[in-house]
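Down below is the structure, laid out as structure tokens.
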Amino acid sequence: MKVGIDRIRFYTPRWYVDMAKLAKARHEEPGKYLIGIGQSKQAVIPNTQDAVTMAANAADQIINDNNRDQIDLVLFGTESGIDNSKSAAIYLQHLLQLRADIQSVELKQACYAMTAGIQLAKDHVLAHPASKVLVVGSDIARYGLHTAGEPTQGGGAVAMIISADPKILAIEEPSAHYTADIMDFWRPLYATEAVVDGKYSSQEYIDFFDRTLTEYQTKTKSSLADLQAVIFHLPYTKMGLKALKSVLNRTDERHANQLLREFEYSRIFSREVGNLYTGSLYLSLLSLLVNSENLKSGQKIGLFSYGSGAEGEFYVATLQTNFQTAIESGSIKKVLEDREELSISEYETMFNSQMPLTNDNFVTNDKLDSAKFYLAGQKDQQRL
Ligand code: HMG
């Protein structure tokens, strides 16, 4: 039985900052941010959006009266949780009016958690072929104004339905994993911004890619030449390019050029949004599927997932017949086209008001936010 991605959509708030202008404001050459980091725009997250509302705005686009009652499991990957006890998945289940007799849990392992959700969902569907699983990844990437990590911020959510006979991608067995207890990036409970050893994290990312790809090729006796494209978790888009270039000596020149060409399609959307943390790899997937003109059903795509701390996974998925129609490219492009640019000072004001929302009894300026789901404030320790 084939199991995989049946529907997929994403959401990012409607504001962004231009990276060339941000570079100037930080007394850096624009080329550093545009080429060296590989980002053109960065999503700016208002205090009316959090991991739950962004996930709801993404998932609402793929839930309808035909599939709502078939969903029997919600897996919510996030490292921007809003509560240490109650799972973000319960809020989501309620906002989307899903059935009450289902399972809903939140998963955490940095940016890897959405991939964990997808693989758990696949096993759930293999055991219960009629079921559909809603898997989301939703996060806000924050390093702080005037930090080295600032050009790698961003945010948003990706939502998908995993089912039998998927319309878009079938997930293949096996996967290759690598996990090690390292301190490359983490988010202490008392902090609103990530702590990161940037250069070390980038080296570890490449090392985990090398290890998991090698393990995958050993297990399956396959080679890079079997893959139409390899796509990546993109903390900044140059990161994926560096990882890809590190393994191109494993294939011939013609195929290496093909992988580089497909990688360019896969990074178009992340260039415009920045790091989505859990959802980032799947924004690369959407970008490839919407923008590449070379894809055909039956072709295989390699996916590399990395979550700091750290856990990596390499797996392969196969494009299904008529995947192009199931993607709904127009609606996906519209999320990016409908955005508004902020000046640097407007961005800084919005950034500073996003967190901490730790005080009780606050209201947000919800007139600002035209999204279907938004955070209105907090009253009596409960988010509204
Ligand atoms: P930095 O030290 O400011 O940047 O921070 P740099 O000096 O290394 O420059 C960056 C690149 O720009 C270099 O290229 C320069 O040569 C180039 P590279 O050597 O890397 O190929 N450059 C220029 N290029 C063109 N024209 C110019 C120019 N000037 C310089 N004029 C760093 C960069 C990424 C370290 C920083 O932004 C950071 O710490 N970011 C956050 C950490 C991160 O994203 N790590 C990625 C791997 S870890 C991961 O993926 C997990 C994560 O998503 C979290 C999770 O799992 O939850 C982060």
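Here are some notes:
- Filtered residues of segment 34-68 (kept if more than 14 Å from the ligand (Cβ to nearest atom), buried (at least 24 other Cβ atoms within 10 Å of the Cβ) and assigned to a loop (DSSP other than H, G, I, E, B)): I45, Q49, D50
- Any hit, segment 105-124, residues being buried (at least 21 other Cβ atoms within 10 Å of the Cβ) and farther than 29 Å from A194 by Cβ: yes
- Residue count for segment 22-33 satisfying the condition of being part of a helix (DSSP H, G or I) and more than 10 Å from the ligand (Cβ to nearest atom): 3.
Results for (1) charged (D, E, K, R); (2) within 15 Å of the ligand (Cβ to nearest atom); (3) crowded, with 18+ Cβ neighbours inside 10 Å, shown as yes or no for each residue.
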residue	(1), (2), (3)
E253	yes, no, no
E262	yes, no, yes
F269	no, no, yes
V273	no, yes, yes
L276	no, yes, yes
S280	no, yes, yes
L286	no, no, yes
G302	no, no, yes
S305	no, yes, yes
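- From the options L283, L303, residue that is assigned to a helix (DSSP H, G or I), touching a helix residue (DSSP H, G or I) at 6+ places or on another chain (Cβ under 9 Å) and touching a residue at least 12 places away in the same chain (Cβ under 8 Å): L283
- Test: H124 is at pLDDT 95 or above, under 21 Å from Q42 (Cα atoms) and outside any strand (DSSP E or B): no
- Considering each residue of segment 157-170 in turn, none proves to be farther than 23 Å from K296 by Cα, surrounded by fewer than 24 Cβ atoms within 10 Å (Cβ to Cβ) and either in contact (Cβ under 8 Å) with a residue 40 or more places away in the chain or of a type in the set (K, R) (or both).
- Verdict on K199 being at pLDDT 95 or above, out of contact with any Phe, Trp or Tyr (no Cβ under 9 Å at 6 or more places or on another chain) and under 19 Å from Y33 (Cα atoms): yes
The values are calculated or read from the model by the stated rules, or taken from the named source; none is laboratory data. What you are looking at is a predicted structure, and each value in this text was computed from that prediction instead of being measured. When we count neighbours, we look across all protein chains shown, and the Cβ atoms used for this are built from the backbone with ideal geometry, even at glycine.
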